Structures are given as structure tokens and as C-alpha cells.
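Contents: one structure, followed by commentary.
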Amino acid sequence: MIIKTGIDLMSIHKIYSQLGDSDFMDKTFHDFEKHPIDARRLSTIYALKECVFKAIDISDRDWLDIKVLFSARGKPRITLCSNISPLGLESVDCSVSHENGYILANVVLLIQ
């Protein structure tokens, strides 16, 4: 079993300042991820996607290859498109914390 991790710390203000940039929003977030428009929620999604890119060591990034959904209790769930999913991927788990205008996100991939 191989364990790959990614971690990201970012300012919520970074995404807040981009909310009016439709090009950025369209290349970074799926339509279902953009609603409701909320800088904290979108920052969480962005940070989680960044974590995935770090964990699988991809520099040529297509942000739409990663989908982030939330459970009714607010737990994020990540789905990877097949073209970036590592061979033998068993599971993806993540954790997020919010504090003083920052998001700390962590992703763990288990690969067989």
C-alpha cells in the first residue's frame, strides 16, 4: 500500500478577490461547486483540489478533473476523473479546518 498526501494553507481572501473573475471561476470550479457562491466554501474546494495536485505530483493542472462534494454534515468528498486518478487508487480522504480567514486542507490517497 502506498500513501500519498497533500496539504495546503490558503487565505479565504484569495478566492474572495476572484469571485468576479468568470474565467477563473469557470476553469477552477464545476457549476455545482460554485453554488452557493461563498468565499469560504470555494476556498475549501480550491485548497482540497490543490492538495490532490500535490499528492499526485501533477504540474499540468486541469482543475475540473477533480470534483468536491459535501455531505449533509459538511464533510467534503473528493472524486478524481480517470485521466488523473493514479493506477490502483483505493480511496481518497480529506480533512479541512477554518481559522482566522485561512483554510488548512489535507488529502490522503491510498494506492494499492
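Among the residues of the stretch 71-112, the one identified as over 13 Å from the mean Cα position of the chain (by Cα) and of a type in the set (Lys, Arg) is Arg73.
Collect the residues in the stretch 1-24 that are closer than 24 Å to Ser97 by Cβ and not in a strand (DSSP E or B), keeping them in residue-number order.
Across the stretch 1-24, the qualifying residues are Ile12, His13, Lys14, Ile15, Tyr16, Ser17, Gln18, Leu19.
Of the residues making up the stretch 47-95, those that are touching a helix residue (DSSP H, G or I) at 6+ places or on another chain (Cβ under 7 Å), over 17 Å from Asp31 (Cα atoms) and either outside any loop (DSSP other than H, G, I, E, B) or hydrophobic (A, V, I, L, M, F, W, C) (or both) are Ile84, Cys94.
When restricted to residues that are out of contact with any Pro (no Cβ under 9 Å at 6 or more places or on another chain) and either exposed (fewer than 12 other Cβ atoms within 10 Å of the Cβ) or under 23 Å from Ser11 (Cβ atoms) (or both), the stretch 93-112 contains 11.
The set of residues in the stretch 44-92 that are touching a Lys or Arg at 6+ places or on another chain (Cβ under 9 Å), closer than 18 Å to Ile3 by Cα and surrounded by fewer than 14 Cβ atoms within 10 Å (Cβ to Cβ) comprises Asp57, Arg77, Thr79. Taken over the stretch 12-39, the criterion of being surrounded by fewer than 14 Cβ atoms within 10 Å (Cβ to Cβ) and of a type outside the set (Asp, Glu) is satisfied by His13, Ser17, Gly20, Ser22, Lys27, Phe32, His35, Pro36, Ile37. Within the stretch 1-48, being more than 12 Å from the chain's Cα centre (by Cα), closer than 30 Å to Gln112 by Cβ and aromatic (Phe, Trp, Tyr) holds for one residue alone: Phe32.
Throughout, read-outs are computed from the coordinates displayed, never taken from laboratory work. Everything quoted here is computed from the prediction, not taken from an experiment. Don't worry about glycine lacking a Cβ; one is built from the backbone with ideal geometry, like all the others, and counts go over all protein chains shown.
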